[in-house]
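Down below is the structure, laid out as structure tokens.
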Amino acid sequence: MNSTTTAPGGIELGLDTFGDITLGPDGAPHHAAQVIRDVVEQAVLADGLGLDYFGVGEHHRDDYAVSAPDVVLAAIASRTTRIRLGSAVTVLSSDDPIRVFQRFATLDAVSHGRAEVILGRGSFTESFPLFGHDLADYEELFEEKLGLFHELRKEGPVSWQGNTRKPLHGQTVHPPTEGGNLKTWIAVGGSPQSVVRAAHYGMPLMLAIIGGEPRQFAPFTELYHRALKEFGHADQPIGVHSPGHVAATDQQAMDELWPHYALMHGRIGRDRGWPALTRAEFDATAGPNGALMVGSPETVARKITRTAQQLGLSRFDLKYSHGTLPHAAMLKSIELYATEVAPRVRENLSRG
């Protein structure tokens, strides 16, 4: 395991949610306000059960409730005591790096040093026209803003110049963090260039593995380690974000998740030209080697253990919200993940 990890069993185990719009008992969609309140309750449960991290994603569309993760995380901070809190992810390309730093430095203050930020380009593009950005500038926006954010993390006077905003000349951004270091990850979906970029800045790497087989990402972790060394940086943590659902048995977990996952996949697929997902395809992706961590606690623990060993992980985050999957089902999944999956994973890893 990575030498930078200090969590019990050699790995941190966390949760991610996008605040997906859920259904109520009557089958009608909940209001976004109720979903946001439910996310807070889910995080409070995760904290009480001893999980390491709770991440909230950013979206700007009607099937997700959360467009301001830092605000939701601040509410969570007021009701939790130990769990680390961060984004999953912050779409830096369409945001202002200074405001992102200020918001998460503020979160760090109200949470007594528990804030993290995961920066990425995001898999949706609604934020670009919403905030007045041209998709043609997709690459340049992220590259420049990440460079500026890297300078901001030094928490001193910043001088910076680029093409996407006016330059800074020896300006200091407030507030600083108490510890002098806002932990910042780079989220990568499968691009070698993005892996090298994370290594260039010496930032931890978070791999989003939502399809295929996790072992296929081994070349990216190997590239990351080589690039870190070539850039003269110390070894850094590697994390994985993958979707999943835990229930008492494999069959129950699959049957509970399938209709909600299929609905979510279909809605996104219509925007992107994907074919409809079949149950056979879902079952294969949720199978022993697939990216979906779905099943009983024993099954899910075995899959997470294998992924952690294959990729040398310091953290694994289960994306536990899926489309209209009800709040009650998510609470039960969180409970099983924390009380039965996490101990099994740590025991498995401690045995090597």
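Remarks
- Scoring Asp62 on the criteria (1) among the charged types (D, E, K, R); (2) assigned to a helix (DSSP H, G or I); (3) open to solvent by 60 Å² or more (accessible area, probe 1.4 Å); (4) within 29 Å of Thr22 (Cα to Cα) leaves a single failure, condition (2).
- A single entry from Ile334, Ile304 fulfils the requirement of being assigned to a helix (DSSP H, G or I), farther than 30 Å from Asp26 by Cβ and touching a Phe, Trp or Tyr at 6+ places or on another chain (Cβ under 7 Å): Ile304.
- Selection from the stretch 92-114 of residues that are crowded, with 23+ Cβ neighbours inside 10 Å and either in contact (Cβ under 8 Å) with a residue 60 or more places away in the chain or at positive phi (or both): Phe101, Phe104, Asp108
- For the stretch 149-180, the candidate set comprises residues that are of a type in the set (S, T, N, Q) and modelled with pLDDT under 95; within that set, the residue that is least open to solvent (accessible area, probe 1.4 Å) is Thr164.
- Criterion (modelled with pLDDT of 95 or more, among the aliphatic types (A, V, I, L, M), open to solvent by 20 Å² or more (accessible area, probe 1.4 Å) and under 22 Å from the mean Cα position of the chain (by Cα)) met by exactly one of Leu311, Leu336, Leu331: Leu331
- Scanning the stretch 194-216 for residues that are over 17 Å from the mean Cα position of the chain (by Cα) and either open to solvent by less than 30 Å² (accessible area, probe 1.4 Å) or without any contact (Cβ under 8 Å) to a residue 60 or more places away in the chain (or both) yields Val196, Arg197, Ala199, His200, Tyr201, Gly202, Gln216.
- Filter result (among the small types (Gly, Ala, Ser) and without any contact (Cβ under 8 Å) to a residue 40 or more places away in the chain) within the stretch 170-193: Gly170, Gly180, Gly190, Ser191
- The set of residues from the stretch 8-43 being among the polar types (S, T, N, Q) and open to solvent by less than 30 Å² (accessible area, probe 1.4 Å) comprises Thr17, Thr22, Gln42.
- Among the residues of the stretch 135-169, those that are closer than 21 Å to Thr90 by Cα, touching a helix residue (DSSP H, G or I) at 6+ places or on another chain (Cβ under 8 Å) and of a type in the set (A, V, I, L, M, F, W, C) comprise Leu135, Leu141, Phe142, Leu146, Leu148, Phe149, Leu152.
- Just one of the numbered conditions (1) in contact (Cβ under 8 Å) with a residue 12 or more places away in the chain; (2) over 21 Å from Gly190 (Cα atoms); (3) among the charged types (D, E, K, R) is not true of Asp235: (2).
- Condition met for Val117 (crowded, with 17+ Cβ neighbours inside 10 Å, outside any loop (DSSP other than H, G, I, E, B), touching a residue at least 12 places away in the same chain (Cβ under 8 Å) and touching a helix residue (DSSP H, G or I) at 6+ places or on another chain (Cβ under 8 Å)): yes
The values are calculated or read from the model by the stated rules, or taken from the named source; none is laboratory data. Every value quoted in this text rests on a predicted model; they were computed, and no experiment measured them. Because the Cβ atoms are built from the backbone with ideal geometry, glycine has one as well, and the counts that use them run over all protein chains shown. Accessible surface areas use protein heavy atoms only, side chains included; no ligands, DNA or RNA. Shrake-Rupley method; radii C 1.70, N 1.55, O 1.52, S 1.80 Å.
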